[in-house]
Amino acid sequence: MGKTFDIGLDRLTGGAQFSIGSAITTNPGTTKNEDGFAHAGAGVAASQFGAIRSASRGTFFLETFGCQMNDHDSEKVAGVLLARGYTQVESPESASLILYNTCSIREKAAQKVFSRLGEFGVQQNDGRVIGVLGCVAQQEGEEIFRRAPWVSLVCGSASYSKLPELLAQVEAGNQRVTGLDTDTDETFETPVTRRDNPWRAYLTIIEGCDKACSYCVVPYTRGPERSRASDSILREVRQLADLGYSEVQLLGQTVNSYADPTARKMRFSELLLAVADAPGIRRVRFTTSHPRDFTQDIVDAIDRQPKLCNHVHLPVQSGSTRVLRAMQRTYSREEYLEKIAMIRGAKRAVSITTDIIVGFPGETDADLRETLSLLDAVKYDAMFSFKYSPRPHTPSLAMSDAIPEEEKSRRLAVLQEKQREIQVARHATMVGVTFELLVSGKSRRENHWSGHTSCHRVINFTSQERALLGKYVQVRVTGATPNSLLGEQAP
Ligand code: 5AD
Ligand code: SF4
């Protein structure tokens, strides 16, 4: 599950402020026209977008919490709204429709939306329509109407394909509109997507999750796995390349469990190679991979095709086989380490990142030591670590031996200190090395830029050039801290 990595990398940059634009893309693979606006055919450029809008309906504000899947869902939701004639605004105050795309992976994330909704309680009946989308919507369902009666729309991600109909009901004045079914085999494909980043395009290839990890609410909130047809994915990739996107990031909770529903039955590794073959595409990423489905052919594809980025996000969750069993992760520590050895066997150095949960019910000091020794064994390039948070509708909710909060915090601190040491050592080896960067950020400071390497490190660098956004440049690393790399453009 993706954004954790991006959030982490943004954190690694030391919080520098960078700005990016946004772009609207139309999906040539989609022929649906269920919400009544003219179909946007292949090759419709962003500048022509106005022509496919229906009559103006008002303004919307959309705030997104959580992972990259949610970010990308929001890009598609925004596309649906723009196509219906809404205009996007930057603040809830100036919006007639306010939407929150929510995350419920941990309790803190889920609480955020209720504090946002609370801000509106005092101002209810001012005519604005408020909607809750995403995982909290699915998790809480109609309970949201009880806790926040000023909400009119509650819609989980598995129902987004019905969003145009649901919006039509909201526009007709219906105060209680829900989209909460998860028994769907549809993926959320939109005729128009309003993408936030003009160079890197997210593309969901598989939605939902069938893995049933005992701590995780995602199978409940996002429903069963549904893979998108390979021909539709490849058509959209070609169109994105035509529009100037050079980097594509394929998304899925378990992206490498992709199962092509068409007769072509493309394997995930074949899909990666086919995406990379699209003229104009220079980088292909994918996240998040599940260790069980990570197979040699993916490494072979990375070896064969340099456009496939040398980064794999492979969440381990724990280094203790006993805890992994309780988490129902479907692999042991040894089996996970075999996958790592397979990736390390690639011809290029591949950066590996992970997610870890501490304080799972029954986790002992010995289990934690196993996790710490796994960090030593793997030497991850980055780690995203969390205190176990009990979630509704999950098997681990009923487990005894809960770990006290203070103890979870202590374990998290120990784990993060270990990873900090590993990163200090890793970063030190990078000083003097030159990387190719896709420049995606310009600092407010004169001549300061930022971009990602193929291995998904952020480097903040200096350059005397004026127009670098969206370009690929060579950057030599000149300095490193535990959390960030600094560099200068190489001649
Ligand atoms: N508590 C803490 N962390 C969790 N994650 C998923 N569910 C929980 C939970 N209940 C973490 C996992 C996953 C990442 C996105 O969030 O590490 O990989
Ligand atoms: Fe959650 Fe496990 Fe599915 Fe990831 S693989 S989304 S952690 S159930």
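The values are calculated or read from the model by the stated rules, or taken from the named source; none is laboratory data. Computed from a predicted model, the values in this text were never measured in an experiment. When we count neighbours, we look across all protein chains shown, and the Cβ atoms used for this are built from the backbone with ideal geometry, even at glycine.
With the condition kept exactly as written, say whether any residue in segment 262-270 is in contact (Cβ under 8 Å) with a residue 40 or more places away in the chain and either within 16 Å of ligand 2 (Cβ to nearest atom) or not polar (S, T, N, Q) (or both).
The answer is no, given that none of the residues of segment 262-270 is in contact (Cβ under 8 Å) with a residue 40 or more places away in the chain and either within 16 Å of ligand 2 (Cβ to nearest atom) or not polar (S, T, N, Q) (or both).
The residue list K76, K108 contains one member that is among the basic types (K, R), away from ligand 2 (no atom under 16 Å from the Cβ) and under 17 Å from C155 (Cβ atoms), which is K76. Selection of segment 177-221 for residues being crowded, with 20+ Cβ neighbours inside 10 Å, part of a loop (DSSP other than H, G, I, E, B) and hydrophobic (A, V, I, L, M, F, W, C) yields F188, W199, I205, C209, C213, C216, V217. Scanning segment 389-402 for residues that are surrounded by 13 or more Cβ atoms within 10 Å (Cβ to Cβ), out of contact with any helix residue (DSSP H, G or I) (no Cβ under 7 Å at 6 or more places or on another chain) and not in a helix (DSSP H, G or I) turns up T394, M399, A402.
In the condition set (1) more than 16 Å from ligand 2 (Cβ to nearest atom); (2) at pLDDT 95 or above, D401 is compliant with all but (2).
Residue selection: S463 fails the criterion of being among the hydroxyl-bearing types (S, T, Y) and within 23 Å of the chain's Cα centre (by Cα). Of all residue pairs spaced 6 or more apart or on separate chains, those with beta-carbon atoms under 9 Å, a first member in segment 330-353 that is in a helix (DSSP H, G or I) and a second member that is surrounded by 14 or more Cβ atoms within 10 Å (Cβ to Cβ) and charged (D, E, K, R) are R333/E370; E335/R292; Y336/R329; K339/R292.
In the condition set (1) within 16 Å of ligand 2 (Cβ to nearest atom); (2) surrounded by fewer than 21 Cβ atoms within 10 Å (Cβ to Cβ); (3) in a loop (DSSP other than H, G, I, E, B), F386 is compliant with all but (3).
Residues that are β-branched (V, I, T) and buried (at least 17 other Cβ atoms within 10 Å of the Cβ) within segment 87-121 comprise V89, I98, T102, I105, V113, listed in sequence order. Filtered by the rule that a residue be in contact with a strand residue (DSSP E or B) (Cβ under 6 Å, 6 or more places away or on another chain) and within 21 Å of T59 (Cβ to Cβ), segment 155-181 gives C155, L166, Q169, V170, Q175, V177.
Check whether at least one residue in segment 403-420 is over 25 Å from V477 (Cβ atoms), of a type outside the set (K, R) and outside any helix (DSSP H, G or I), and report yes or no. Within segment 403-420, one or more residues are over 25 Å from V477 (Cβ atoms), of a type outside the set (K, R) and outside any helix (DSSP H, G or I). Of the residues making up segment 226-260, those that are more than 16 Å from ligand 1 (Cβ to nearest atom), assigned to a loop (DSSP other than H, G, I, E, B) and either touching a helix residue (DSSP H, G or I) at 6+ places or on another chain (Cβ under 7 Å) or of a type in the set (S, T, Y) (or both) are Y245, S246, Y258, D260.
Scanning segment 149-176 for residues that are farther than 16 Å from G127 by Cα and hydrophobic (A, V, I, L, M, F, W, C), we see that the one that is surrounded by the fewest Cβ atoms within 10 Å (Cβ to Cβ) is A168.
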